[in-house]
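The values are calculated or read from the model by the stated rules, or taken from the named source; none is laboratory data. These numbers were taken from a predicted model, which means no experiment stands behind them. Heads up, the Cβs are rebuilt from the backbone with ideal geometry, glycines too, and the neighbour counts pull from every protein chain shown. Surface areas here come from the heavy atoms of the whole protein model, side chains and all, with no ligands, DNA or RNA. Shrake-Rupley method; radii C 1.70, N 1.55, O 1.52, S 1.80 Å.
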2 protein chains.
Amino acid sequence: MLRPTQQLKLILSLGSQAPVFGTLSTPSHCHLEPSRRLEELAAGLLATEPRPSRLAAQDQGRQRPACPAARRALRVPQCFTAPPHSRGDPAGRLCDPCPPPATWRAAQAGAMRKAERRVAGGSGSGSPLLEGRRSTESEVYDDGTNTFFWRAHTLTVLFILTCSLGYVTLLEETPQDTAYNTKRGIVASILVFLCFGVTQAKDGPFSRPHPAYWRFWLCVSVVYELFLIFILFQTVQDGRQFLKYVDPRLGVPLPERDYGGNCLIYDADNKTDPFHNIWDKLDGFVPAHFIGWYLKTLMIRDWWMCMIISVMFEFLEYSLEHQLPNFSECWWDHWIMDVLICNGLGIYCGMKTLEWLSLKTYKWQGLWNIPTYKGKMKRIAFQFTPYSWVRFEWKPASSLHRWLAVCGIILVFLLAELNTFYLKFVLWMPPEHYLVLLRLVFFVNVGGVAMREIYDFMDELKPHRKLGQQAWLVAAITVTELLIVVKYDPHTLTLSLPFYISQCWTLGSILVLTWTVWRFFLRDITMRYKETRRQKQQSHQGRAINNGDGHSGPDDDLLGTGTAEEEGTTNDSVPAEQEGASAAS
Amino acid sequence: MLRPTQQLKLILSLGSQAPVFGTLSTPSHCHLEPSRRLEELAAGLLATEPRPSRLAAQDQGRQRPACPAARRALRVPQCFTAPPHSRGDPAGRLCDPCPPPATWRAAQAGAMRKAERRVAGGSGSGSPLLEGRRSTESEVYDDGTNTFFWRAHTLTVLFILTCSLGYVTLLEETPQDTAYNTKRGIVASILVFLCFGVTQAKDGPFSRPHPAYWRFWLCVSVVYELFLIFILFQTVQDGRQFLKYVDPRLGVPLPERDYGGNCLIYDADNKTDPFHNIWDKLDGFVPAHFIGWYLKTLMIRDWWMCMIISVMFEFLEYSLEHQLPNFSECWWDHWIMDVLICNGLGIYCGMKTLEWLSLKTYKWQGLWNIPTYKGKMKRIAFQFTPYSWVRFEWKPASSLHRWLAVCGIILVFLLAELNTFYLKFVLWMPPEHYLVLLRLVFFVNVGGVAMREIYDFMDELKPHRKLGQQAWLVAAITVTELLIVVKYDPHTLTLSLPFYISQCWTLGSILVLTWTVWRFFLRDITMRYKETRRQKQQSHQGRAINNGDGHSGPDDDLLGTGTAEEEGTTNDSVPAEQEGASAAS
């Protein structure tokens, strides 16, 4: 039989393994973790003298705002809470338990059910419920309402599918055209696959506006990848002609186009409109660039990375305009219209949105629990905003592993952007073709999920890590598109870079490589050497003092140099880096 | 500030929502539930007088067997346990904590990681970890060893896939044959899909020998279903000719075959071998029937259902032999060779295996934790046995919902079996063709998963229920095969049944319908009526007694009749049924 103290220790060890469900039921300003609370409560119980616990002392010291005016003034949201103990809240704000306990238990039970459903649905490694909330994740409060749209409808979908198939194949007359039937059969297979996937596929990290939306895009990724694989295995001519089945206007060589043109900003020769060169460049691609970069910023969630990708793509355009005439633009088109105005403005707006998203409270109530009409409208609108938010802290200079990962992400991103141009070039698609636009829409939808899964994969502390399904597919798609480009037009791809451009790239690569070697190998060795020397000298000093002779040698210089090295910042990508000693992997 | 009792109640409410991980760490004879233990411990703590807890009293009363001989005699397995308190163990057996606590904590942590991984992988609704173990489920002990084969290898697969694709498409020369390339492209797409699915698909309820094995069959189900959909949308001629791409020998009408033949058991005319009719029937299908029914029994896990399906299929063969000559057999072939010998023996062996599987202990240790060579060999062999076991208690007469579900399952099962014959008939495939055998192998692999998912779906207590992915696909496949049969040969299907056969089926259907109506509607109404009458009479009696006149009327008869009705068993399928009053839904 265990003594009470042993029993409580057992309770603690059991309780600390309970899922951190408490975060669901606390508002975003109250940090509540049941495992720590258990420790404190148990510590209070185990104390030999009856004394007020630390919690009581904290509690008495705080001002508890009255509902609701003072609470609004202090920005304390209305909430369902456990008894009001909040730890770690720097402003010391408390949340009043307004609804009665029965409602709170119901909400908690609802939240648990929701947690189980998300987990049972395989919500992937980004679920904050089972692994503990990371410091970069927002707190989420959810009252756990489970409406019609959130329940599974597997049998309903099966029934509707059966009826549709039966109607189309038995009650309609089958056409006699083999080519038409083949096409119809393929389209029907794709639709049935989408039915199955939207009903049964594994959920990813996103759930707004609805998880089925993201399952749909996952299935579209699969279909697109299989289509690319098929194209990859055809001969060049067959592959291009095969696109006629998708759009009969394809399969013909692209007409020659004049891309470069006059680069004068002020064209004195043109009396009507001296600035006509500028207006010529303002086509549909300008808002497309802006919207694209706005969305890319929401995906990448890091200003430095966005700027680097934006600038490097302009370098790539310069480097490859001998291969793709599409890339030859005027200098002001590259740097002012693209980088500064379109991309830059898009990135700026994206960063503002990111700021709003990371400061926002994530408090979700079922529509039926909201009393006001205005509140209901707002809730419906917010269904199209994220359920929760994770700040991406890429920290590329913090370890070799993260550095290589970030470099890899930037490379793959640039590759995917290049593929947009090369793929339509080798498959003879005009830039305005709807398939090109569809592909961009596709990437916009899957890119966010993929980036989140990549971030989770990098951030994952568990020994076994699994790359998310969407990220896996996006990587496979990018690689397959590259293989198609390489197979279908090796001649264009092997047009050699102009010498000065290859010189620049070589220089840039050498610089990056040198920095990598210094940062993650030499600096580590140097600091360890210095540390060993310093310890030796300290021990010499110590023995000298013990022997009676105390003197300080060159230690201060050594320490000074060491500290200067640690504080030195030579990172040219992300300024947020950790301490050198802990960072070197 | 909460009083200690309130604090403990909070601990209880928090702790009761912790996952029931304790079942993983206890051997199969010890029932341990942390939430109940917390209650008991807290009850002990909250008691106003210091008195020995109920646990201590229970503990002192038991004999604790010494390791290891007495333990073997009492069939108490060696185990990692928490402190030895076991509740609900009728034999009062205890498990000695043999390994030191550090190992126990490591095992528990390992089990938790394994639980998280299974849950994060979306192990479906059959997971005993998150929902609490059902009474029909075996207890499982797992030391949580996580070896190479159990870790995800998403990046490795992606890398190997990339290299293979690059090699095949860039380094090999592309053949110029369009038809060959089309076929190769389709095969490559299927292989890439299998790669993706085996790496990333949602896990089902099975995990032995490896979850990837079941993900593979899931992907094969998807591919098969899409293939069927494609065939469904072709004309009859095109569909049959399309199979030439799979096997050039197909696409030709089936030759006429003589199926019935001489039905004499003892053929006096044949001097060489009077029993030649019997030996003629002993072909490769005899062991196939036996093995098939052995495996079907493992899928269905219920003797009554197996026998019903077996017998009803013989009735169907009798009924449909005018449509499929394949079905015309001698009477002794139907009832003695098929039902009694092949099927019957297969079912018998299956039931014996089921018995062994449900009594077996499920104790899994990592290979490296097993000291003896013989133990390691045994562990490797047992990798091909189930991880845990669920006894299927279909209980069809317990509610209308379960009755309809069981009838539906039997119908779909029979339909799938009929499809085997009809599909190869309409697609012009000889019975010995390897595709027919492959289809049977396919169904054997996916059928077990589908039945388990259907059982879990029926058994699911949560308000939102989701049919498993494999079950969904098997249902879709069965329906699609039926649609193909109906579309491709409506003439054969509409050959009307002989009159006496349709009479038998009509009679059978009417009997089943009548029983359904009586059992789930009339009996309920009757019993409630009787109950109301009895209550009225009891209240009359009560008033009469109060008024001084006590007499008993026809109550005893009424009660007697009511009880007789409740105890009446008219269920002709499964003998295990619940009490009538609680059963009527």
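Values as computed for the structure displayed
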{"read-out": "Given (1) over 33 Å from the mean Cα position of the chain (by Cα); (2) in contact (Cβ under 8 Å) with a residue 60 or more places away in the chain; (3) within 14 Å of chain B (Cβ to nearest Cβ), index of the condition A:LEU250 fails", "value": "(3)"}
{"read-out": "Only one of B:TRP403, B:TRP505, B:TRP428 that is aromatic (Phe, Trp, Tyr), away from chain A (no Cβ under 14 Å) and in a loop (DSSP other than H, G, I, E, B)", "value": "B:TRP428"}
{"read-out": "Pair list, Cβ < 9 Å and 6+ apart or interchain, from the stretch A:334-353 residues that are open to solvent by 60 Å² or more (accessible area, probe 1.4 Å) to residues that are acidic (Asp, Glu)", "value": "A:TRP335/A:GLU314"}
{"read-out": "Residues of the stretch B:471-483 that turn out to be open to solvent by less than 20 Å² (accessible area, probe 1.4 Å) and more than 9 Å from chain A (Cβ to nearest Cβ), as a count", "value": "3"}
{"read-out": "Breaking point among (1) surrounded by 19 or more Cβ atoms within 10 Å (Cβ to Cβ); (2) under 21 Å from B:ILE186 (Cβ atoms), for B:GLY251", "value": "(1)"}
{"read-out": "B:ILE231 at the interface with chain A (Cβ under 9 Å from one of its Cβ atoms), out of contact with any His (no Cβ under 6 Å at 6 or more places or on another chain) and of a type in the set (A, V, I, L, M)", "value": "yes"}
{"read-out": "Top-ranked residue in the stretch A:381-391 [being hydrophobic (A, V, I, L, M, F, W, C) and surrounded by 12 or more Cβ atoms within 10 Å (Cβ to Cβ); ranked as farthest from the chain's Cα centre (by Cα)]", "value": "A:PHE382"}
{"read-out": "A:GLY197 touching a helix residue (DSSP H, G or I) at 6+ places or on another chain (Cβ under 7 Å), at pLDDT 80 or above, more than 7 Å from chain B (Cβ to nearest Cβ) and within 30 Å of B:LEU483 (Cα to Cα)", "value": "yes"}
{"read-out": "Residue within the stretch B:201-218 that is part of a helix (DSSP H, G or I), farther than 22 Å from B:SER388 by Cα and within 12 Å of chain A (Cβ to nearest Cβ) present", "value": "no"}
{"read-out": "Residues located in the stretch A:486-499, provided they are farther than 16 Å from A:PRO325 by Cβ and open to solvent by less than 60 Å² (accessible area, probe 1.4 Å)", "value": "A:VAL486, A:LYS487, A:TYR488"}
{"read-out": "Count of the stretch B:324-344 residues which are within 11 Å of B:VAL311 (Cα to Cα) and in contact with a helix residue (DSSP H, G or I) (Cβ under 9 Å, 6 or more places away or on another chain)", "value": "6"}
{"read-out": "Any chance A:THR494 is away from every other protein chain (no Cβ under 14 Å) and modelled with pLDDT under 95", "value": "no"}
{"read-out": "Which numbered condition B:LEU191 misses (of (1) within 33 Å of the chain's Cα centre (by Cα); (2) more than 10 Å from chain A (Cβ to nearest Cβ))", "value": "(2)"}
{"read-out": "Check on A:ALA152, among the small types (Gly, Ala, Ser) and part of a helix (DSSP H, G or I)", "value": "no"}
{"read-out": "Test result for A:LYS530, part of a helix (DSSP H, G or I), among the basic types (Lys, Arg) and within 14 Å of another protein chain (Cβ to nearest Cβ)", "value": "no"}
{"read-out": "Identity of the residue in the stretch A:412-431, closer than 16 Å to A:LEU243 by Cα and open to solvent by 30 Å² or more (accessible area, probe 1.4 Å), that ends up nearest to the chain's Cα centre (by Cα)", "value": "A:PHE425"}
{"read-out": "Answer residue from the stretch A:150-176, given it is exposed (fewer than 14 other Cβ atoms within 10 Å of the Cβ) and more than 9 Å from every other protein chain (Cβ to nearest Cβ) and is farthest from A:ARG208 (Cα to Cα) among those", "value": "A:GLU173"}
{"read-out": "Residue ID - surrounded by the most Cβ atoms within 10 Å (Cβ to Cβ), chosen from residues in the stretch B:318-333 that are outside any helix (DSSP H, G or I) and modelled with pLDDT of 85 or more", "value": "B:GLN323"}
{"read-out": "Residue under evaluation B:TYR245, criteria (1) open to solvent by 60 Å² or more (accessible area, probe 1.4 Å); (2) more than 21 Å from A:GLN176 (Cβ to Cβ); (3) at pLDDT 80 or above; (4) more than 9 Å from chain A (Cβ to nearest Cβ), criterion not met", "value": "(2)"}
{"read-out": "When residues of the stretch A:438-467 are limited to those that are buried (at least 21 other Cβ atoms within 10 Å of the Cβ) and at the interface with chain B (Cβ under 8 Å from one of its Cβ atoms), the one modelled with the lowest pLDDT", "value": "A:LYS466"}
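Yes or no, residue by residue, for (1) farther than 18 Å from B:THR420 by Cα; (2) at pLDDT below 90; (3) out of contact with any strand residue (DSSP E or B) (no Cβ under 8 Å at 6 or more places or on another chain):
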site	(1), (2), (3)
B:LEU254	no, yes, yes
B:TYR259	no, yes, yes
B:LEU264	yes, yes, yes
B:ALA268	yes, yes, yes
B:PHE275	yes, yes, yes
B:TRP279	yes, yes, yes
B:LEU295	no, no, yes
